[in-house]
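Visitor: Submitted below is the structure of interest, expressed as structure tokens.
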Amino acid sequence: MSHHSDQDHAWDLMEKIGLCMLVTHDGTGDALRARPMSAHVVRDEEAVFFLSDARHHKDDEIEINQNVCLAFADTDGQAYVSVTGTANVLDDRAKIGELWSTAAKAWWKSKDDPNIRVLRVMPSMAEFWDSPGKLVTTVKMAAAALTGHRPRLGENRKVAL
């Protein structure tokens, strides 16, 4: 794969998987916190967006330390992406309207809720692992165990975004 197609593949995997663990620093030290979030991947803006609630700690943590990690995992398809980047908190009502979905109604009654914020993550680096799927991976691992050879389980790349 070329460098450009590796970047595209990382973005494609993020879009396909959609859910990730957003990892932030706790703001007071080296402790890390992770929570599941629904990612809105917008490749044209080179950003990943999340709807967030201003009453929760992640917004405060990002204000103190903008360095974050996004961990995407499709365990059925055996595809994973780890993204590092910087995040900021926006009170952007137009972007909230763009990102609003039926799923967001589980957390807020309407897109006009004044507590909704947008988290924007600007990725700088990604690493992906993409295998041919669970069945093929299982067969290759079993064959490797029998033959003593390391299995080739798919693609692994580090890419600048």
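Visitor: Residue by residue through the range 118-131, note down the ones that are in contact with a Lys or Arg (Cβ under 9 Å, 6 or more places away or on another chain) and crowded, with 16+ Cβ neighbours inside 10 Å.
Guide: If the condition is that a residue be in contact with a Lys or Arg (Cβ under 9 Å, 6 or more places away or on another chain) and crowded, with 16+ Cβ neighbours inside 10 Å, then VAL118, LEU119, ARG120, ALA126, PHE128, TRP129, ASP130, SER131 are the ones that fit.
Visitor: On to the next question. Take the residues of the range 115-151 that are assigned to a loop (DSSP other than H, G, I, E, B) and under 25 Å from the mean Cα position of the chain (by Cα): which is modelled with the highest pLDDT?
Guide: ASN115
Visitor: Tell me yes or no: at least one residue of the range 2-19 is modelled with pLDDT of 95 or more, of a type outside the set (Asp, Glu), farther than 20 Å from SER124 by Cα and in contact with a strand residue (DSSP E or B) (Cβ under 7 Å, 6 or more places away or on another chain).
Guide: No: the range 2-19 contains no residue that is modelled with pLDDT of 95 or more, of a type outside the set (Asp, Glu), farther than 20 Å from SER124 by Cα and in contact with a strand residue (DSSP E or B) (Cβ under 7 Å, 6 or more places away or on another chain).
Visitor: Does the range 56-73 contain at least one residue that is over 16 Å from SER124 (Cα atoms) and modelled with pLDDT of 95 or more?
Guide: Checked the range 56-73: at least one residue is over 16 Å from SER124 (Cα atoms) and modelled with pLDDT of 95 or more.
Visitor: Report yes if some residue within the range 51-70 is in contact (Cβ under 8 Å) with a residue 60 or more places away in the chain and under 21 Å from GLU15 (Cα atoms); otherwise report no.
Guide: yes
The values are calculated or read from the model by the stated rules, or taken from the named source; none is laboratory data. Quick caveat: nothing in here was measured; it's all calculated off a predicted structure. Every residue, glycine among them, receives a Cβ derived from its backbone with ideal geometry; neighbour counts consider all protein chains shown.
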